[in-house]
1. Please determine, by comparing only the residues of the range 80-139 that are under 16 Å from Tyr218 (Cα atoms) and among the small types (Gly, Ala, Ser), which one is nearest to the ligand (Cβ to nearest atom).
2. Any idea which of Ser212, Ser223, Ser231 is hydroxyl-bearing (Ser, Thr, Tyr), closer than 27 Å to His315 by Cβ and either within 16 Å of the ligand (Cβ to nearest atom) or in contact with a Leu (Cβ under 7 Å, 6 or more places away or on another chain) (or both)?
3. Restricting to the range 244-284, and then to whatever is out of contact with any Leu (no Cβ under 9 Å at 6 or more places or on another chain) and aliphatic (A, V, I, L, M), can you tell me which residue is nearest to Leu201 (Cα to Cα)?
4. Kindly provide the set of residues from the range 292-302 that are open to solvent by 20 Å² or more (accessible area, probe 1.4 Å) and in a loop (DSSP other than H, G, I, E, B), ordered by number.
5. What about Pro156, is it more than 28 Å from Val52 (Cα to Cα), open to solvent by 20 Å² or more (accessible area, probe 1.4 Å) and at pLDDT 95 or above?
6. Mind listing just one residue for me: the one in the range 69-79 that is among the charged types (D, E, K, R) and within 12 Å of the ligand (Cβ to nearest atom) and, of those, farthest from Thr145 (Cα to Cα)?
7. What about Gly260, is it of a type in the set (Gly, Ala, Ser), within 18 Å of Gly136 (Cα to Cα), touching a residue at least 24 places away in the same chain (Cβ under 8 Å) and open to solvent by less than 50 Å² (accessible area, probe 1.4 Å)?
8. Hey, among Gly136, Gly162, which residue is surrounded by 17 or more Cβ atoms within 10 Å (Cβ to Cβ), under 20 Å from the mean Cα position of the chain (by Cα) and on the phi > 0 side of the Ramachandran plot?
Amino acid sequence: MNQPVDNRAARDEYYHRIATKQLTPLWEALSALVPERPRSPCVPHLWRYDEVRPWLLESGQLITAREAVRRVLILENPGMPGSSAITQALYAGLQLILPGEVAPSHRHTQTALRLIVEGSRAYTAVDGERVHMHPGDFIITPSWTWHDHGSEADGPVVWLDGLDIPLVRFLDCGFAENNPQETPPVLRPEGDAAARFGANLLPVDFVPSHSSSPMFAYPYARSREALDRLSRSGDPDAWHGHLMQFINPSTGGSAMATMGAFIRLLPRGFAGRDYRSTDGTVFQVIEGRGECVLGDQRLAFGPRDTFVVPSWTTHRFAVSEDTVLFSYSDRPVQRALSLWREQRLD
Ligand code: 1HN
């Protein structure tokens, strides 16, 4: 009675019958439902900025920022066609704004981050405060905050957008709203949030929240200087180089609830060790040149390129110049749910 039985035809006939009542057998799906390790459809991929840039600029001839609402080329993972996703949980895109343009105000429950790639003198406004953006700056747009963008530059300005769109879609908890005012009034002077929250000080009655950092702009000049000092005062971690995370200064936790953001310096000649973690990660090259080695696959990167490393994919870095990489992932979500794992390999 405990021997397996060879009755394929009878089983298939049974599956057909129960399917009419929306029932399916777990035993046919069990190993796929509970894999021994992550089996992501997401694949490693690199977008070369030199290749993407002409197409991004061409989009500027075809549609205005106002008409597009956001003029963005989505970086879609080749393993997940049609998903508008770069990993299972995350979205990435390159946004273009041209001189004098406006991207109208709206808000949504999806959290956004920006990493400025090219150009200066464009600004983003978050709930009434503007910040001008420079290459390498990291800026967050917390969930449900009004935001619009504009450009006072004389050339194109491009940034990487990272959002938790696929995660929010998976959870079916997305809301969005257009602002009746395309460009809402400025309520506070530029630098207000930096003064309140970015000087190792907090307003005395401020109540910290883990949901999002009250400081929404992290200028590259400051993070670059910190990395430079770190590199001169100690050896890099053998796996990560000099790796730092962007924090909410009022809690010490992640700057955003759903996305973790990181910046690292890999000194010239750095040859890192193999590493993997369960948070599929998007990398943006701010400076430098090198490669990310994933088994027998090599992603050779240069300045302004974007690449993605899927969940639980062993990888290491080797660089020929001082290199600064920005990265973001869904790590805070995995950690909050006690699901995050990492492994340092030799
Ligand atoms: C969005 O609001 C921005 O504010 C960028 O710049 C990309 C992608 C999907 C949905 C909303 C932005 C977006 C987005």
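The values are calculated or read from the model by the stated rules, or taken from the named source; none is laboratory data. All figures in this text were calculated on a predicted structure; none of them were measured in a lab. Positions of Cβ are generated from backbone atoms using ideal geometry, with glycine treated the same way; all protein chains shown enter the neighbour counts. Protein only, heavy atoms only, side chains kept; ligands, DNA and RNA dropped before computing areas. Shrake-Rupley method; radii C 1.70, N 1.55, O 1.52, S 1.80 Å.
1. Ala112
2. Residue meeting the stated conditions: Ser231.
3. Taking the candidates together, the pick is Ile247.
4. First pass over the range 292-302, keeping only residues open to solvent by 20 Å² or more (accessible area, probe 1.4 Å): 295-298, 300.
Result: Gly295, Asp296.
5. Numbers: more than 28 Å from Val52 (Cα to Cα): no; open to solvent by 20 Å² or more (accessible area, probe 1.4 Å): yes; at pLDDT 95 or above: yes.
No.
6. The first filter runs over the range 69-79 and keeps only residues among the charged types (D, E, K, R), leaving 70-71, 76.
Then drop every residue that is not within 12 Å of the ligand (Cβ to nearest atom), which leaves 70-71.
Numbers: Arg70: 16, Arg71: 20 Å.
Only one residue tops the list, namely Arg71.
7. Values: of a type in the set (Gly, Ala, Ser): yes; within 18 Å of Gly136 (Cα to Cα): yes; touching a residue at least 24 places away in the same chain (Cβ under 8 Å): yes; open to solvent by less than 50 Å² (accessible area, probe 1.4 Å): yes.
Yes, satisfied.
8. Numbers: Gly162 fails: on the phi > 0 side of the Ramachandran plot.
Going through Gly136, Gly162 in turn, just one is surrounded by 17 or more Cβ atoms within 10 Å (Cβ to Cβ), under 20 Å from the mean Cα position of the chain (by Cα) and on the phi > 0 side of the Ramachandran plot: Gly136.
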